[in-house]
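What follows is a single structure, written as structure tokens, with notes after it.
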Amino acid sequence: QVQLVESGGGLVQAGGSLILSCAASGRTFSTGAMGWFRQAPGKEREFVAAVTRSGGTTYYADSVKGRFTISRDNDKNTVYLQMNSLKPEDTAVYYCAAGWLATTQKNQYLYWGQGTQVTVSS
């Protein structure tokens with residue numbers, strides 16, 4: 001089992017920044033890639049960003065490309081999501097996920113965190 005705990009969410013004005021963290025514990029050796037997804041009220045959970053185990057390759061949704069940066073610190077078993085130039089449409093619950101492959105497909109991830117709320121006011 002792998003446990004994932006997100007932190008760093010909150011309320012921010014449009015144009016502002018936030019950094020989300022996801023700390024992994026448990027059998028972390030059994031997972032490789034890490035991803036961030038988000039879910040707004042009444043919408044499906046959608047892909048935001050993913051990073052390979054080494055951190056050498058990253059993937060982003062078009063809607064966040066150029067504004068968000070995913071990174072990881074394997075010594076700390078932690079993945080980060082730096083969010084800049086936030087927009088009201090970025091408002092959602094953000095979830096961290098772990099799996100074998102860095103992919104945009106949520107059903108490929110094995111473990112999920114409980115989520116952290118991000119609210120961007122206009």
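Do we find that Thr57 is of a type in the set (Val, Ile, Thr), within 11 Å of the chain's Cα centre (by Cα), open to solvent by 30 Å² or more (accessible area, probe 1.4 Å) and modelled with pLDDT of 95 or more in this structure?
Details: of a type in the set (Val, Ile, Thr): yes; within 11 Å of the chain's Cα centre (by Cα): no; open to solvent by 30 Å² or more (accessible area, probe 1.4 Å): yes; modelled with pLDDT of 95 or more: yes.
When the stated conditions are applied, Thr57 does not pass them.
Can you name every residue in region 28-51 that is among the hydrophobic types (A, V, I, L, M, F, W, C) and within 18 Å of Thr103 (Cα to Cα)?
Taking region 28-51 as the starting set, the residues that turn out to be among the hydrophobic types (A, V, I, L, M, F, W, C) are 29, 33-34, 36-37, 40, 47-51.
Matches in region 28-51: Ala33, Met34, Trp36, Phe37, Phe47, Val48, Ala49, Ala50, Val51.
If Ser30 meets every condition in (1) open to solvent by 30 Å² or more (accessible area, probe 1.4 Å); (2) at pLDDT below 95; (3) out of contact with any Ser or Thr (no Cβ under 9 Å at 6 or more places or on another chain) apart from one, which number is that one?
(1)
Checking the conditions here, which among Val79, Val51, Val64 is over 16 Å from Thr104 (Cα atoms) and either at pLDDT 95 or above or among the aromatic types (Phe, Trp, Tyr) (or both)? Steps first, please.
Values: Val51 fails: over 16 Å from Thr104 (Cα atoms); Val64 fails: over 16 Å from Thr104 (Cα atoms).
Every option except Val79 fails the conditions.
Which residue out of Ser7, Ser54, Ser25, Ser17 is over 13 Å from Ala97 (Cβ atoms) and free of Cβ contacts under 8 Å to residues at least 24 places away in the same chain?
Values: Ser7 fails: free of Cβ contacts under 8 Å to residues at least 24 places away in the same chain; Ser25 fails: free of Cβ contacts under 8 Å to residues at least 24 places away in the same chain; Ser17 fails: free of Cβ contacts under 8 Å to residues at least 24 places away in the same chain.
One residue alone meets the criteria, Ser54.
Exactly one of (1) touching an Asp or Glu at 6+ places or on another chain (Cβ under 6 Å); (2) closer than 20 Å to Ala24 by Cβ is unmet by Val120. Its number?
(2)
Out of Arg67, Arg38, Arg45, Arg72, I need the residue that is without any contact (Cβ under 8 Å) to a residue 60 or more places away in the chain and within 21 Å of Thr91 (Cα to Cα). Which one? Steps first, please.
Values: Arg38 fails: without any contact (Cβ under 8 Å) to a residue 60 or more places away in the chain; Arg45 fails: without any contact (Cβ under 8 Å) to a residue 60 or more places away in the chain; Arg72 fails: within 21 Å of Thr91 (Cα to Cα).
None of the other options fit; the residue is Arg67.
Which ones in region 76-111 are open to solvent by 40 Å² or more (accessible area, probe 1.4 Å), touching a helix residue (DSSP H, G or I) at 6+ places or on another chain (Cβ under 9 Å) and on the phi < 0 side of the Ramachandran plot?
The answer is Trp100, Leu101, Leu110.
The values are calculated or read from the model by the stated rules, or taken from the named source; none is laboratory data. Note that the structure is predicted; figures quoted are calculated from it, not measured. So basically every Cβ, Gly included, is an ideal-geometry build from the backbone, and we count neighbours across all protein chains shown. To get the accessible areas, we keep the full protein, side chains included, count just its heavy atoms, and leave off ligands, DNA and RNA. Shrake-Rupley method; radii C 1.70, N 1.55, O 1.52, S 1.80 Å.
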